[in-house]
Amino acid sequence: NAAHDVTAFGKGVFGDKRKFEAQAYEGKFRLFDATRGDGVVTYDNTTGTNVDVLSINKMFKDGAAVDAHVNAEKTYDYFKETFGRDSVDDNGQQLISAVHVGENWNNASWNGRQMSYGDGDGERFYPLAGGLDVGAHEMSHGVVQHTAGLIYRNESGALNESYADIFGAMVDRDDWLIGEDIMADGSIALRSLEDPSVIVDERTESGYSPDHWSKRYIGNLDNGGVHINSSINNKAAYLVSEGGEHYGIAVSGVGREATEQIYYRALSFYLTRNSDFSMMRQAAIQAATDLYGSNSAEVQAVTQAYNAVGVY
Ligand SMILES: CCC(=O)Oc1c(C)cccc1C(=O)O
Ligand SMILES: [Zn+2]
């Protein structure tokens, strides 16, 4: 008998009730949402099942599996509803998520084909699938891969990371923090777009995440600082949206809706594999000009935001 679609309920990592699309399949259930693109599918890496033969039933009691599945559904919906984009490749590519990857793995990743989530070690991270912004971050790496293809090293890599954080913060829309739900070590978040300088980072000279180009990390750690210097562009995006004064430069924000449209257009029309921060500034100004006109508040906000973080 064929599988048929069902709306199901389960609990997330933190015991919260989640609703999602699944399938009844041979008298059992599987986390396969056939209503979005070519499917949203989630599986338990420890059972070694391949994507097709999913571990059945218990998936609904597996908080990490439930959250990973919901994260992917919500992020699929964000790109479809906000930009008309159908999955990571704009062609409905199946969204695959694996949970319980590794042993207490303090990581999440996009490997070019799927999302993977570790359970965390309970000291640094709780199970990483518990963070909606984490799932959105990972899937956004897939969007970057299929658009500008920003090379994952140095400044283009920092932009790749920043885009994953920007869309992560737009999907998990109630704050400008990344990873705030899954930190087990008492820190407020993994990264802050609002104020990167509140996040400790021993790899930098200042000991904190950089919020200005003059404070950028230069070195070989972290693929040339892709998770470090991303904060410079993150701060610029935050300023475009929310405004503020930064190093004496005032920015009048234009809100999340205009900001996400500007950054998506810059990514999908103007940025390329080797784009650096200066090209990011130019691409965002051009995208804002296309969308809102050269004398618009949006163009002014972008210009001032990049001035404020020292990127010209
Ligand atoms: C917010 C998600 C995130 O940053 O995931 C990563 C972690 C936790 C460790 C190493 C790399 C990544 C990543 O996806 O870039
Ligand atoms: Zn990332």
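The values are calculated or read from the model by the stated rules, or taken from the named source; none is laboratory data. As the structure is a prediction and not an experimental result, all values here were calculated from the model. Note: ideal-geometry Cβ built from the backbone for every residue, glycine included; neighbour counts use all protein chains shown. Just so you know, the surface numbers come from the protein's heavy atoms only, side chains and all, with ligands and any DNA or RNA stripped out. Shrake-Rupley method; radii C 1.70, N 1.55, O 1.52, S 1.80 Å.
Restricting the count to DSSP beta bridges whose residues both fall in the stretch 1-146, what percent are antiparallel, rounded to a multiple of 5? Walk me through the numbers before you get to the answer.
Details: 16 of 23 bridges.
That works out to approximately 70 percent antiparallel.
Quick one: with all protein chains in place, what share of the accessible area of the chain is carbon or sulfur, to the nearest percent (1.4 Å probe)?
46
Pick from Asn220, Asn104, Asn71: which is most flexible by mean-square fluctuation in a GNM of the chain where alpha carbon atoms under 10 Å apart are linked?
Result: Asn220 has the largest fluctuation of those listed.
What are the equivalent ellipsoid semi-axes of the stretch 1-146, built from the alpha-carbon gyration tensor (square roots of five times its eigenvalues), in whole angstrom, biggest first?
Values: eigenvalues 83, 79, 36 Å².
Listed largest to smallest, the semi-axes of the stretch 1-146 are 20, 20, 13 Å.
Is there a quick way to get the dipole size of the stretch 1-146? I mean about its Cα centre, with the Cβ of Lys and Arg at +1 and of Asp and Glu at -1; what is the value in debye to the nearest 20?
Charge dipole, the stretch 1-146, about its Cα centre: 320 debye, nearest 20.
Return a whole-number percent for the relative contact order of the stretch 150-312, with Cα pairs under 8 Å and 6 or more residues apart as the contact set. Don't skip to the end; give the middle numbers.
Details: 292 pairs, mean separation 37.9, N = 163.
Relative contact order of the stretch 150-312: 23 percent.
Treating only the Cβ atoms of Lys and Arg (+1) and Asp and Glu (-1) as charged, compute the dipole magnitude of the chain about its Cα centre; round to the nearest 20 debye.
Using only the charged Cβ atoms, the result is roughly 400 debye.
Any idea what the relative contact order of the chain is, in percent, if you count C-alpha pairs under 8 Å spaced at least 6 apart?
Relative contact order here is 12 percent.
Using the structure shown, list the pairs from Lys19/Lys80; Lys28/Lys74; Lys74/Lys215; Lys61/Lys235; Lys17/Lys235 with a Cα-Cα distance above 31 Å, or answer none. Mind dumping the intermediate values first?
Values: Lys19/Lys80 19 Å; Lys28/Lys74 24 Å; Lys74/Lys215 35 Å; Lys61/Lys235 38 Å; Lys17/Lys235 33 Å.
Beyond 31 Å: Lys74/Lys215; Lys61/Lys235; Lys17/Lys235.
How big, in percent, is the set of alpha carbon pairs in the chain lying more than 36 Å apart?
Across the chain, Cα pairs with separations above 36 Å total 18 percent.
Where only protein heavy atoms count, and the probe is 1.4 Å, what is the accessible area per residue for the chain in Å²?
Result: 41 Å² per residue.
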